[in-house]
Amino acid sequence: VRAPTPSAAAEMVAPNTYELLRQLRATQGRLQSAIERRLVPLRRIRDLHQRLVHAVRARVRKLEQARHFRERAAELIRRRLTKLRPAELQRERLLSLFRKMLHQRREILSRFDVLLAMGKPLQQVNERQQELDELTTQLVRHVQGALGQRRHRLEVLASKLSALDPKAILSRGYSITFDAATNQILKSIAATREGKALRILLHEGELTAQVTARMFPRNEKSATMPIQGELPLAFDHGSES
């Protein structure tokens, strides 16, 4: 189409330009809406990935803590066994002494056969029998005393090993309190604040709680005090008795 004048040509072109701009804006709007719809599931996937990463890291920290405790317990057992080796050597020496004394008693009894042919055999037999009884009593008393000491020492060591087990401490009514966000053990109320979420580990199961108030002593605000409405911060299994 040819316009008769430049002004008429401008009038014919201008409406088409406006229509193109309107279509471009409409297309841009539809593209933005489509992109937003596409980003919604991607954001959900990103949030899920972040939660999974946080859960995996928390699990790894727990496994590291358990591994560290097992290594310390194994090292402690190795040290106790090293200390028990001298007791085993002492036991062997006592048994060797006992065998030696039994051999000597047999030799004494063998001499009795010779004494029976001599005068006053009954008197000599009675004297040797009395001597033998006294030596036997001393030997039994010595062996029993040594074995009793070793048994008591083993019982003390077994009690100490049992006291190191965190589950044994939790079974007596204690608990371990963690910061739910950082999974760190709380040793003082200064390490938390009102509104923070807590995770409380008991002997059987866990509790989830929230700090509603902190109660400090009148003269020492940094001292550890129970959180109002919750269990006290009880036990740090990272410390050794």
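No value in this document is a laboratory result; all are computed from the given coordinates. Since we're looking at a predicted model, the values are computed, not measured. Neighbour counts run over all protein chains shown; Cβ positions are idealised from the backbone, glycine included.
Return the subset of K62/K83; K62/K187; K83/K187; K160/K196 for which the Cα-Cα distance in this structure is over 28 Å, preserving the input order. Table pairs above 28 Å Cα-Cα are K62/K83; K83/K187; K160/K196. Toward the positive end of the charge dipole of the stretch 16-71, with +1 on the Cβ of Lys and Arg and -1 on the Cβ of Asp and Glu, the farthest Cα among L39, H54, H68 is that of H68. For L198, the residues whose modelled amide H falls within less than 5 Å of its own, excluding neighbours fewer than 5 places apart on the same chain, are A180, A209, Q210, V211.
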